[in-house]
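Each remark here refers to the structure printed beneath this line.
The values are calculated or read from the model by the stated rules, or taken from the named source; none is laboratory data. Since we're looking at a predicted model, the values are computed, not measured. With ideal geometry, Cβ positions are generated from the backbone for all residues, glycine too; neighbour counts draw on all protein chains shown. The protein model used for the area step is the full one, side chains on, heavy atoms only, and it has no ligands, DNA or RNA in it. Shrake-Rupley method; radii C 1.70, N 1.55, O 1.52, S 1.80 Å.
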Amino acid sequence: MPRLLFEKTGNAVWISHLDLMRLFQRAFQRAKLPLKHSQGFNPRPYVAVALPLSVGVESVCELLDFDLDGASVPDDEIRDSLNRVLVDGVRVLDVYEDGQKIKNLALLDCVLTLEYDRGVPEGTAEAVEALFARPSLPVMKKSKNGPVEQDIIPMIRQLRVDQNDGHTVTLEARVCCQNPSLNPMQLAAAVDKYLPEFRPDFVKSRRVALYDAQGNIFR
Amino acid sequence: MTELLKRILPTVQKPARYTGGEFNEIKKDLASVRVRVAFCFPDTYEIGMSNLGMRILYGVMNEMDGVWCERVFTPWADMEQAMVENHLPLWALESQDPVKDFDMIAFTIGYEMCYTNILNMLRLAGLPLHSRDRNDLKNIVFAGGVCAYNPEPLADFIDFFSLGEGEEITVEIVSLYDRAKAEGWTKEAFLLEVAKIPGVYVPSFYRHEYAEDGTLARIVPLVEGVPTKFTKRIVEDLDKAYWPTKMIVPSTEIVHDRANLEVFRGCIRGCRFCQAGFSCRPVRRKSAKVLFDQAVETMEDSGHNELTLSSLSTSDFRGLKELTDDLIPYCADHKINLSVPSLRADNFSRDLMERLQTVRKSGLTFAPEAGTQRLRDVINKNLTEEEILTTCANAFSGGWNNVKLYFMLGLPTETDEDVLGIADLVYKVIKTWQANAVNKKRGLRVHVATAFFVPKPHTPFQWEKQITPEEYLRRCRLLKSHFYSKSITYDYHGPDLSRLEAVFARGDRRVGPVIEEAMNRGAKLDGWDEFFNYSYWVDAFDACGVDMEYYTTRGFGEDELLPWDPMDVGVTKRFLQLERKRAYEAKVTPDCREGCAGCGANCLLKEVDCDA
Ligand code: SF4
Ligand code: SF4
């Protein structure tokens, strides 16, 4: 089954996961690339996006599996035809066959930008670094049965803190994204909870790369 | 997008409705734009983007050279709160620029209960609510839509109204503005000129005087030479009319999330309570050929997988067979769901329903509106018990097990016998199911809903009393006590909203301050159950000293000057009076196909005949 790698940036970050699937279904239709439909009484065109992205988060490494109905179309042509009819912010970067099995997707790289409107307080980077060096770090997480506590440390593989300018601190992390998975925003939640004096005014999140369990790029 | 908005968006529900950026959104280079129009829909994005009229006029204005029309919707309450807290003024989606930067601010108004949203949007935009406090040509506020057929409740707030279908008149208005802006006219000078465009009404050019008993005595022109009658505009030849095949495809789910093709305008039926039925006359069709081409173009361009054929009564579209014969195979080939709402219970429609797959999902829907044949004759609703039961019998034997029935309570001449007639009809539907159902194990669901009758302007019932809310509720309870079967679910709309709707539908200038007062007290999004709060309204009427009963239970005299009399929708007042008389005699008036009843709307046509 073919797969496409796409980015979701700019205005498009506000499009929800379900809406994004609909958006792609329509884009395929506009591009005259008919999708195979599911069987059953109410057939739906088949598309599947791996790892739903939270609303508001940017990504340059989204994956979507699809299946075309009818004659095969060269991968580059699929990419270009879709890009002509997609909305600003959603852009197909690559189309390829034989992607790896989604179940082998294990880790992702993310960048959190902590914004401090009145300037980054002295010692923020050091304090954040020290925080994530703790042996355990329980943070509340929403679940189907209400909030539960989750230790996030075992799910963080790498983490790097930098102060780029007077107003932002970045947190680059590689975290588990499947079984178990860590929502990168939980890193910011940890800062809020344990370092209230370094709480940022706003946090932006960006997903930058996907890996398998061995740390090889996942395609 | 501003950093501020970026920070607000993660905190509100469905942020995609505030960002714009959808497929086919129109962006223009400001350097080549002379007139900026903020096209405001006084309800949420999901409702507004489902509105065909807005989509047409968005296209019409953006086709104009030097004009950029952008969209604005009512923010949901969470966003409104964030805007107020952060001093973020209302913005238009395309450019994200504040509404107060725009030359023209246009509203399309289809429903009385969005009046507070209009005022609230002006307030959130940072504009004065009253036209008299907006002194410049810039930010001129105008409005169209069905509610413009009785514009008086909004007379204080809107600079001018545009009556009827907007395809042509909007172009004339915006072109005149273009000239006015280039030549540096004052607002006053522009209003004087725009008033000369047929179909334009400038309320500030007239004074309304009231008699001692409170009725409207006189409408006095304050400016020499201004018109005293305002005739709505229509498009005669729909085949040649502008049709937006490149429609915006929302990136987030909306209420009618599908392509929508309008097959004809007007309605041949003339149900006496129905404002659309009278005010949208004359009847004009589109040819099946043009419609098919537009359908294909729209579907290919949008990528939608659902297409709906819309109109007031699609079964009456003369080209329906030809069009569906072509469209059904096309849709099947392209895996498009074709839906045809508002089908009547006639033979052809029954056939058609079977050929469309979408019907099964929605079940069978009937709107007999009244429970007895006598009352259906009074309201001229040409739907018989036999038609309903035959359609049900067919459907039940075909496996359907779900029926919805819609009625009104409080119709003129209605008695308890008519109310109980509803229960009777529902039992006959259940009996029909018992006699015809193929699979009784699945059970039957009959959903019955009653609405509170609202007398509307420009209908034969425009003079009628509305019954009291207490009496309406008594009739609801009476009906309820006669439903014994577990298959029936009965919903009745609460009376409060319909009572207000009755006030504003037939309101005059004295109810304007009530709208403002209610909004100041917190009324907003009144069409939404989660926000509607009747007590704001009751308090506002009290505070303004306006009596709701005057507009509801009092009824209007046939010799009374009505606030909407100057508005001419084509149908004559004489015809409405005649129809009212026939209603009291329980005489039906045949539909336009059986013979022209002489409503007068054909006088709006110069090139073609009515319903040709
Ligand atoms: S059929 Fe009757 S209720 Fe329906 S639009 Fe026509 S006049 Fe109105
Ligand atoms: S002019 Fe005659 S045919 Fe036309 S809408 Fe009126 S009654 Fe019907």
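Brief remarks follow.
- Sorted on the mean count of surrounding Cβ atoms within 10 Å across their residues, most packed first, peptides A:103-115, B:42-54, A:67-79 read B:42-54, A:103-115, A:67-79.
- Relative contact order (%) - criterion: Cα under 8 Å, at least six apart; region: chain A: 25
- Per residue, the convex hull volume that the Cα atoms of region A:103-212 enclose (Å³): 99
- Approximate spin-label separation A:ALA209-B:GLU3, in nm, with each point projected 7 Å along Cα-to-Cβ: 2.9
- Amide N of region B:60-99 lying under 16 Å from the label point, which is placed 7 angstrom from the Cα of B:ASP29 along Cα→Cβ: B:65-68
- Taking θ as phi - 60° and the Karplus parameters 6.51, -1.76 and 1.60, the scalar couplings of region B:74-80 work out to 6, x, 5, 4, 5, 5, 4 Hz in sequence order, x denoting glycine and proline.
- Rounded to the nearest 100, the interface formed by chains B and A buries 2300 square angstrom of accessible surface, both chains summed, with a 1.4 Å probe.
- Restricting region B:510-612 to trypsin sites (Lys or Arg not before Pro) in coil, as DSSP defines it, with at most 10 other Cβ within 10 Å: B:LYS606
- Projecting label points 7 angstrom from Cα along Cα→Cβ for B:LYS138 and B:ASP351 puts them 6.2 nm apart.
- Projected label distance in nm at B:ARG554 and B:ALA597, using a 7 Å step from Cα toward the beta-carbon: 2.9
- Loop-located GluC sites (Glu not before Pro) across region B:168-218 with a Cβ neighbour count of 15 or fewer within 10 Å are B:GLU212, with loop assigned by DSSP.
- Chain B, helix-only ellipticity at 222 nm - DSSP H runs n ≥ 4, -39,500 (n - 2.57), divided by all residues, nearest 500: -10500 deg cm²/dmol
- Relative contact order for chain B: 14 percent, from Cα pairs under 8 Å spaced at least 6 residues apart, divided by residue count.
- Interface residues of region A:1-30, defined as those losing at least 50 Å² of solvent-accessible heavy-atom surface relative to the isolated chain (probe radius 1.4 Å), are listed as A:ASN11, A:TRP14, A:ASP19, A:ARG26, A:GLN29, A:ARG30.
- For the pair B:LYS428 and B:VAL226, a Förster radius of 60 Å applied to the C-beta separation gives a FRET efficiency near 0.60, rounded to the nearest 0.05.
- GluC sites (Glu not before Pro) restricted to DSSP loop in region B:571-600 with at most 14 other C-beta within 10 Å: B:GLU585, B:GLU594
- At an R0 of 35 angstrom, the distance between the Cβ atoms of B:ASP416 and B:ARG521 translates into a FRET efficiency of 0.40.
- Short-range pairs are left out: with C-alpha atoms under 8 Å and at least six residues apart, the relative contact order of region A:3-99 is 47 percent.
- Accessible surface of A:TYR46 - all protein chains present, 1.4 Å probe, nearest 10 Å²: 90
- The phi torsions of region B:262-270, fed into the Karplus equation with coefficients 6.51, -1.76 and 1.60 and a -60° offset, translate into couplings of 8, 8, 7, 10, x, 9, 7, 8, x Hz, rounded to whole numbers, with Gly and Pro shown as x.
- Spin-label proximity, B:THR215 to region B:529-569 - amide N less than 12 Å from point 7 Å beyond Cα toward beta carbon: B:555-563
- Cα centroid separation, region B:451-512 to region B:389-429: 18 Å.
- Sites A:SER72 and A:GLN163, calculated FRET efficiency, Cβ-Cβ separation with R0 51 Å, nearest 0.05: 0.50
- Working from the Cα coordinates of the protein assembly as shown, the gyration tensor eigenvalues give, after taking √(5λ), semi-axes of 49, 35, 28 Å in decreasing order.
- Note on region B:369-525: with neighbouring protein chains present and a 1.4 Å probe, carbon and sulfur make up 50 percent of its accessible heavy-atom surface.
- Alpha carbon centroid spacing (whole Å) that separates region B:67-118 from region B:272-314: 28
- Backbone N under 14 Å from the A:SER54 label point (7 Å along Cα→Cβ), restricted to region A:1-39: A:14, A:17
- Beta bridge orientation in chain B: antiparallel %, DSSP, nearest 5: 20
- B:ASN260 long-range amide H proximity, modeled H, under 5 Å: B:THR308
- Looking at the protein assembly as shown, the accessible area is 41 square angstrom per residue; that uses a 1.4 Å probe and ignores ligands, DNA and RNA.
- Centre separation in Å (Cα based) which lies between region A:174-219 and region B:551-610: 67
- Tail weight of P(r) past 35 Å, computed on alpha-carbon pairs of chain B, percent: 42
- Accessible area of region A:88-219 belonging to carbon and sulfur atoms, whole % at 1.4 Å probe: 48
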